[in-house]
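Novice: Sharing a structure with you now.
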Amino acid sequence: MDFRLSDEQTMLKESVDRFVAQKSGFEQVRAAAAGPEGFARADWQTFAELGWLMLMIPEDLGGLGGVTADAALLAESFGRGLVGAPFVSTAVLCAGLLARADRPRDQQPLLDAIGGGEAIVALATEESSSRYGLDAIAAQAKPVDSGFTLSGEKIVVPDGAAAGHFLVSAKLAGTIGLFLVAADAPGLTVRRYRTVDNRRAADLLMADTPASLMIADALAPLERAVDEAALLLVAEALGCMDAAMSITAEYLKTREQFGRTLSKFQVLTHRVADMFVRAETTRSMLLRGLSALDAGPEIRAAAVSAAMVTAIDAGEFVCGQAIQLHGGIGMAEENAVGHYYKRIRAIGRTWGDRASHARRHVDLTQA
Amino acid sequence: MDLTFAKEDEDFRLEIREALRGLVPPDMARRTRQRVHPTKADLKLWNRILYDRGWSVAHWPKEYGGTGWSPLQVHIFEEELAAADAPFLTYFGPRLVGPLLYTFGREEQKRDLIPDILTGETLWCQGFSEPSSGSDLASARTSAVRDGASYVINGQKIWTTEAHYADRMFCLVRTDPSVPAQKGGFSFVMLPMTDPGVRVRPIVTLDEGHSVNEVFLENVRIPASDIIGEEGRGWDYTKFMLANERITNAHVPRAKRDLVLLKEIAASEYGASPSAARDEARRRIAQLEMDLDGLEWSVLREIINGSKNPAIASGLKIVASELQQRMTDLAVDMIGARGRIFYGEDDFERNDLPGNPGEYAPGLAARQLFLRATTIYAGSNEIQRGIIAKQQFGL
C-alpha cells in the first residue's frame with residue numbers, strides 16, 4: 001500500500017488546482033451559476049484542452065485510460081472551487097457507460113465529442129417514485145422498426161439542462177435497458193430548471209421518443225457506474241469541506257467580539273477541530289471506496305454507501321457549522337460558506353441519499 | 001401537583017378552534033405553511049382580522065388591548081392559531097416594543113403608539129445588531145447625541161428583520177459613551193423609517209429570500225421626547241424584552257403544526273405499505289415527536305409556574321432551534337431527489353413545478369436553508385450555552 005500520489009497524479013492535481021485558483025474566484029463562480037447553464041462553456045473547453053474530458057475514456061477508445069482516483073483529484077478540486085461544470089456526469093459517468101456499451105465502437109463518435117468538449121451527456125434514471133432505485137422504474141422501451149421508442153418520465157436529471165444527449169434507463173423485456181436519446185428528439189419534452197446548488201437539472205417527459213439501445217442488460221453496469229460517480233461526489237464534498245473549513249478558520253482569526261478575536265473562544269476552535277476530524281474520516285472512506293471499486297459488486301456497493309453516508313454526515317456538519325461559526329454573515333447569500341453548504345445538500349441527494357445508502361449498507365452487510 | 005388540563009382550558013381550546021374555523025383565508029393559510037418569510041400584506045391583513053375580534057395582542061394585559069387570558073390560555077390560543085395555519089404576527093410591535101411601551105413608556109407614548117400596534121397599522125422593526133456587534137451586543141456603537149430638544153442618531157444596524165416593511169424602528173443607541181452598556185450607556189429611541197437619514201439595504205439570505213436588512217442611520221434627528229422610557233436604561237429594557245419572549249421563541253405551536261405536516265408528507269411519499277424507507281421516516285418522526293413533547297412540557301412548566309431562571313430560557317432556545325432545523329431537514333429528506341430542486345417560497349403560485357412534486361414541496365428548500373439561522377439569531381446557541389454554564393453553575 002502507498003497513499004502517495006504518483007508523479008502523473010501530482011501533475012494532474014497541480015494542474016486542476018491551478019485552474020481552480022485562477023478561474024474560480026467566488027464572484028466568477030456566482031456569475032457562472034447565474035448564467036443559463038449554471039457553468040461557463042469556456043471552462044468546459046479548457047477542460048477539453050487539458051485532456052480532462054478524455055481522462056476516463058479507455059485508451060482503446062481514444063482516451064487516456066485514467067483511473068477513478070485520478071478523476072477524484074479533479075472532483076475534489078472542483079468542490080473546493082465550486083466549479084459547476086458537468087465533469088462527473090458527462091466525462092466519467094456517461095463516458096464510462098458508453099465505453100461499456102454492448103457495441104462500444106459504435107459510440108466512438110460520441111465519445112470523441114465528449115473528449116473534445118463538444119458533447120454534454122447526462123444520465124437520466126430517477127423517476128417520481130423510484131427513490132434512487134435504479135431498477136425501481138416505470139419508463140418503458142418499445143421495439144420499433146427503426147430501433148426503439150421510450151415512454152415515461154425522468155426527474156431531476158443531474159446536469160440535464162445543458163445536455164445534448166441523455167442516457168435513459170427504461171424497462172425492456174424483463175431487464176433494465178440503457179438508451180441514448182437526443183435532447184431534440186421528437187416526443188421528448190425537456191423541462192430545465194435550477195437546483196439548490198445553483199446548478200441545472202431537467203425533467204424528461206417521453207412519449208414514443210426514438211432512442212437507440214446502448215446496453216440491453218444494463219442494471220449491473222449502471223450500478224457500477226453510479227457507484228463510481230458517487231465516489232467522485234464524495235471527493236467533491238471533501239473539497240467543499242476543505243474550503244469551508246479554511247474560510248471559517250480565517251474568519252475566526254479576524255472577527256472580534258467581546259474584545260478579542262473569535263479564535264480565542266475554545267468552543268469555536270474545538271468546533272473547527274471536529275470539522276477537521278470529520279473531513280479526514282471522509283477522506284479515508286473515499287480511499288477505501290476507491291479500493292473496493294473493482295472488487296465484487298456487493299463489496300463495492302457497501303464500501304461506496306459507507307463512504308457516501310460518511311461524506312453526507314460530515315459535509316452537513318462541516319459546512320453547516322461553517323455557517324454557524326460565521327454567525328449572521330454566514331447566512332448572507334453573498335458569503336461563500338453558504339454555497340458550499342448548498343452544494344453539500346445537493347450532493348447528498350444525487351444518485352442516492354443518506355437513507356438509501358444506509359439501507360443498502362444494511363442489506364449488504366447484515367443477514 | 002395537578003398534571004392535567006382543567007376542563008375549562010379544554011373547553012377554551014374548543015371555543016377558540018370553533019371561532020377560528022374559516023377565519024384564515026385559504027391562500028393565506030397556504031402561504032403560511034410554505035413561506036418562511038411572511039408577506040407584509042398577510043401580516044397586516046391577519047393583524048386586522050385578529051384585531052376585529054380583540055385578539056391581536058392576546059398576551060397583553062386587558063387595559064392595553066389584550067384579552068386578560070391566563071398564560072396557559074394564551075398558549076392554547078397560539079396553538080390553535082398555528083393549527084389553523086394563521087400567520088405568526090410580526091414580532092416587533094406586539095411582542096417587543098409594545099410591552100416595552102406599556103411597561104416603561106410615558107403616558108403620551110402609550111396613548112399615541114399603542115393603538116396602531118393593536119391594529120397593525122404601524123409596523124415596527126428592531127435596531128439591535130451592528131456589523132461589529134453581533135453576539136457582543138453591549139459593544140454597539142450607534143449613537144444618539146442630545147442637541148437641544150432633539151437627539152441626533154448616527155450609526156448602522158444589521159440583520160434588521162422587516163425593516164423594509166416597517167414604519168418605525170425602536171433602536172438601541174448609545175446615549176452616554178463614557179459608561180458601559182450595562183451601567184447606563186444605552187437607551188432606546190424610536191425613529192420614523194421615512195426619515196431622509198434612514199437608508200435600508202436588503203440582505204438576501206442563503207434561501208434567496210429577503211427578510212433582513214442593513215439600516216444606515218445618518219444624522220437622523222428626532223425629538224427628545226421620542227426616547228422610550230428613561231434615558232440610560234437601554235440595557236435593562238433589552239433584558240426585559242428578551243425575558244418576555246423566552247417562551248414565544250420556543251415556537252412550540254408552530255412545531256406541533258409542522259409535526260402534523262411531516263406525518264402528512266410521510267403518508268404521501270411512502271404510502272401505507274411497509275418498507276424500509278417508510279420505517280425509517282416514521283422512526284425519525286417519532287424521535288422528533290418525543291423531543292417536541294419534552295420541549296412542550298418544559299414550556300408548560302415555564303408558563304404555569306415561571307421559574308425566571310435564565311438558564312431555563314437559554315435551554316429552551318437551544319432545544320427549540322435545533323428541533324426546528326431537524327424538522328425541516330426531515331421534510332426535505334422525505335421528498336427524495338426532489339429535495340435537490342430549488343423550490344422558492346412563492347413557487348406554489350405556479351402550476352408547472354419541476355419534479356412533479358406533492359403540494360407540500362414548494363418552499364421546503366428555502367425554509368430548510370433559512371432555518372440554519374435559528375441557531376444563530378436571538379443569541380447564538382453558543383452564547384446560550386455560556387449563559388447556562390454561568391447562570392446555573394457559576395462557571
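Novice: Touching an Asp or Glu at 6+ places or on another chain (Cβ under 9 Å), acidic (Asp, Glu), surrounded by fewer than 24 Cβ atoms within 10 Å (Cβ to Cβ) and not in a strand (DSSP E or B): is that true of B:GLU108 in this structure?
Specialist: Against the criterion (touching an Asp or Glu at 6+ places or on another chain (Cβ under 9 Å), acidic (Asp, Glu), surrounded by fewer than 24 Cβ atoms within 10 Å (Cβ to Cβ) and not in a strand (DSSP E or B)), B:GLU108 does not qualify.
Novice: A further question on this structure: Looking at B:ARG168, B:ARG146, which one is of a type outside the set (A, V, I, L, M) and either within 14 Å of chain A (Cβ to nearest Cβ) or more than 22 Å from B:THR194 (Cβ to Cβ) (or both)?
Specialist: Testing whether each residue is of a type outside the set (A, V, I, L, M) and either within 14 Å of chain A (Cβ to nearest Cβ) or more than 22 Å from B:THR194 (Cβ to Cβ) (or both) leaves just B:ARG146.
Novice: Report the residue count in the range B:245-288 for those that are farther than 15 Å from B:GLU79 by Cβ, in a helix (DSSP H, G or I) and not acidic (Asp, Glu).
Specialist: 19
Novice: Which of the following residues is free of Cβ contacts under 8 Å to residues at least 60 places away in the same chain, more than 24 Å from A:VAL20 (Cα to Cα) and more than 14 Å from chain B (Cβ to nearest Cβ): A:ASP208, A:ASP203, A:ASP217?
Specialist: That would be A:ASP217, the only listed residue that is free of Cβ contacts under 8 Å to residues at least 60 places away in the same chain, more than 24 Å from A:VAL20 (Cα to Cα) and more than 14 Å from chain B (Cβ to nearest Cβ).
Novice: Mind checking which residues of the range A:180-189 are part of a strand (DSSP E or B) and surrounded by 19 or more Cβ atoms within 10 Å (Cβ to Cβ)?
Specialist: Filtering the range A:180-189 down to residues part of a strand (DSSP E or B) leaves A:180-182, A:188-189.
A:LEU180, A:VAL181, A:LEU188, listed by residue number.
Novice: When you look at B:TYR151, is it touching a residue at least 40 places away in the same chain (Cβ under 8 Å) and over 29 Å from A:ALA336 (Cα atoms), yes or no? I'd like the intermediate steps shown before the answer.
Specialist: Details: touching a residue at least 40 places away in the same chain (Cβ under 8 Å): yes; over 29 Å from A:ALA336 (Cα atoms): yes.
The answer is yes for B:TYR151.
Per-residue answers, yes or no, for (1) outside the structural domain of A:ILE137 (by TED's automatic domain parsing); (2) more than 30 Å from B:GLY386 (Cβ to Cβ):
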position: A:ARG191; (1), (2): no, yes
position: A:PRO210; (1), (2): no, yes
position: A:ASP227; (1), (2): yes, yes
position: A:ASP242; (1), (2): yes, no
position: A:VAL267; (1), (2): yes, no
position: A:ARG271; (1), (2): yes, no
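So that you can scan it fast, the table gives a plain yes or no per residue for (1) more than 7 Å from chain A (Cβ to nearest Cβ); (2) closer than 30 Å to B:PRO310 by Cα; (3) modelled with pLDDT under 90:
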{"position": "B:ARG350", "(1), (2), (3)": "yes, no, yes"}
{"position": "B:LEU353", "(1), (2), (3)": "yes, no, yes"}
{"position": "B:ASN356", "(1), (2), (3)": "no, no, yes"}
{"position": "B:GLU359", "(1), (2), (3)": "yes, no, yes"}
{"position": "B:LEU371", "(1), (2), (3)": "yes, yes, no"}
{"position": "B:LYS390", "(1), (2), (3)": "yes, yes, no"}
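Novice: For a quick check of your reading: which strands (runs of 3 or more DSSP E) sit entirely within the range B:143-185 and have at least 1 residues that are farther than 21 Å from A:ILE329 by Cβ and among the basic types (Lys, Arg)?
Specialist: Those strands (runs of 3 or more DSSP E) span B:143-147, B:168-174.
Novice: Here are B:GLY386, B:GLY339: which of them is assigned to a helix (DSSP H, G or I), without any contact (Cβ under 8 Å) to a residue 40 or more places away in the chain, surrounded by fewer than 19 Cβ atoms within 10 Å (Cβ to Cβ) and within 14 Å of another protein chain (Cβ to nearest Cβ)?
Specialist: B:GLY386
Novice: Can you spot a residue in the range B:302-318 that is hydroxyl-bearing (Ser, Thr, Tyr), surrounded by 15 or more Cβ atoms within 10 Å (Cβ to Cβ) and in a loop (DSSP other than H, G, I, E, B)?
Specialist: Here is the first cut: in the range B:302-318, the residues hydroxyl-bearing (Ser, Thr, Tyr) are B:307, B:314.
With surrounded by 15 or more Cβ atoms within 10 Å (Cβ to Cβ) added as a condition, the list becomes B:314.
Then keep just the ones that are in a loop (DSSP other than H, G, I, E, B); that gives none.
No, the conditions are met nowhere in the range B:302-318.
Novice: Does the range A:246-284 hold any residues that are under 30 Å from B:ALA138 (Cβ atoms) and of a type in the set (A, V, I, L, M), and which are they?
Specialist: A:ILE247, A:ALA249, A:LEU252, A:LEU262, A:VAL267, A:LEU268, A:VAL272, A:ALA273, A:MET275
Novice: Could you grab me the full set of residues in the range A:154-176 that are among the charged types (D, E, K, R) and surrounded by fewer than 20 Cβ atoms within 10 Å (Cβ to Cβ)?
Specialist: Once the filter is applied, which keeps residues that are among the charged types (D, E, K, R) and surrounded by fewer than 20 Cβ atoms within 10 Å (Cβ to Cβ), the range A:154-176 yields only A:LYS171.
Novice: Which residues, counting only those in the range B:111-139, are within 12 Å of chain A (Cβ to nearest Cβ) and closer than 21 Å to B:ASN213 by Cβ?
Specialist: Keep residues of the range B:111-139 that are within 12 Å of chain A (Cβ to nearest Cβ), which gives B:128-139.
Listed by number, the residues that qualify are B:PHE128, B:SER129, B:GLU130, B:PRO131, B:SER132, B:SER133, B:GLY134, B:SER135, B:ASP136, B:LEU137, B:SER139.
Novice: Take the residues of the range A:329-367 that are touching a residue at least 40 places away in the same chain (Cβ under 8 Å) and polar (S, T, N, Q): which is farthest from the other protein chains (Cβ to nearest Cβ)?
Specialist: A:THR365
Novice: Given the criteria over 30 Å from A:PHE265 (Cβ atoms) and crowded, with 19+ Cβ neighbours inside 10 Å, does B:ILE158 qualify?
Specialist: no
Novice: While we're here: What helices (runs of 4 or more DSSP H), lying completely within the range A:26-122, carry at least 1 residues that are modelled with pLDDT of 95 or more?
Specialist: The qualifying helices (runs of 4 or more DSSP H) are A:41-49, A:68-81, A:95-99, A:108-115.
Novice: Taking the range B:191-208 on its own, how many of its residues are surrounded by fewer than 19 Cβ atoms within 10 Å (Cβ to Cβ), within 14 Å of chain A (Cβ to nearest Cβ) and not in a strand (DSSP E or B)?
Specialist: 1
Novice: Spot the failing condition for B:ALA144; the list is (1) surrounded by 21 or more Cβ atoms within 10 Å (Cβ to Cβ); (2) within 26 Å of the chain's Cα centre (by Cα), and only one is missed.
Specialist: Looking at each condition in turn, B:ALA144 falls short on (2).
A quick yes/no check of all residues on (1) buried (at least 19 other Cβ atoms within 10 Å of the Cβ); (2) under 19 Å from the mean Cα position of the chain (by Cα):
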site: A:GLU126; (1), (2): yes, yes
site: A:ALA138; (1), (2): no, no
site: A:SER146; (1), (2): no, no
site: A:LEU178; (1), (2): yes, no
site: A:LEU204; (1), (2): yes, no
site: A:ALA211; (1), (2): yes, no
site: A:MET214; (1), (2): yes, no
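Novice: Which of the numbered conditions does B:ASP293 fail, given that it passes all the others? Conditions: (1) surrounded by fewer than 21 Cβ atoms within 10 Å (Cβ to Cβ); (2) outside any helix (DSSP H, G or I).
Specialist: Going through (1) surrounded by fewer than 21 Cβ atoms within 10 Å (Cβ to Cβ); (2) outside any helix (DSSP H, G or I) one by one, B:ASP293 breaks only (2).
Novice: Right, something else. Going by the structure shown, is A:THR125 away from every other protein chain (no Cβ under 14 Å) and hydroxyl-bearing (Ser, Thr, Tyr)?
Specialist: So A:THR125 fails the test.
Novice: Could you tell me which numbered condition A:PHE166 fails, if it satisfies all but one of (1) closer than 29 Å to B:ILE335 by Cβ; (2) touching a residue at least 60 places away in the same chain (Cβ under 8 Å); (3) not in a loop (DSSP other than H, G, I, E, B)?
Specialist: (2)
Novice: Which residues, taken from the range A:306-319, are surrounded by 23 or more Cβ atoms within 10 Å (Cβ to Cβ) and either within 11 Å of another protein chain (Cβ to nearest Cβ) or among the small types (Gly, Ala, Ser) (or both)?
Specialist: Once the filter is applied, which keeps residues that are surrounded by 23 or more Cβ atoms within 10 Å (Cβ to Cβ) and either within 11 Å of another protein chain (Cβ to nearest Cβ) or among the small types (Gly, Ala, Ser) (or both), the range A:306-319 yields A:ALA307, A:ALA311, A:ILE312, A:ALA314, A:GLY315, A:CYS319.
Novice: Go through the range A:216-248 residue by residue and tally those that are farther than 30 Å from A:ILE299 by Cα and surrounded by fewer than 17 Cβ atoms within 10 Å (Cβ to Cβ). Before the answer, list the steps.
Specialist: Keep residues of the range A:216-248 that are farther than 30 Å from A:ILE299 by Cα, which gives A:243-248.
Filter again for surrounded by fewer than 17 Cβ atoms within 10 Å (Cβ to Cβ), leaving A:246.
Within the range A:216-248, residues that are farther than 30 Å from A:ILE299 by Cα and surrounded by fewer than 17 Cβ atoms within 10 Å (Cβ to Cβ) number 1.
Novice: Tell me which residues, restricted to the range A:236-260, are polar (S, T, N, Q) and within 12 Å of chain B (Cβ to nearest Cβ).
Specialist: A:THR254, A:GLN257
The values are calculated or read from the model by the stated rules, or taken from the named source; none is laboratory data. Treat the numbers as computed from the prediction; the structure is a model and nothing was measured. Heads up, the Cβs are rebuilt from the backbone with ideal geometry, glycines too, and the neighbour counts pull from every protein chain shown.
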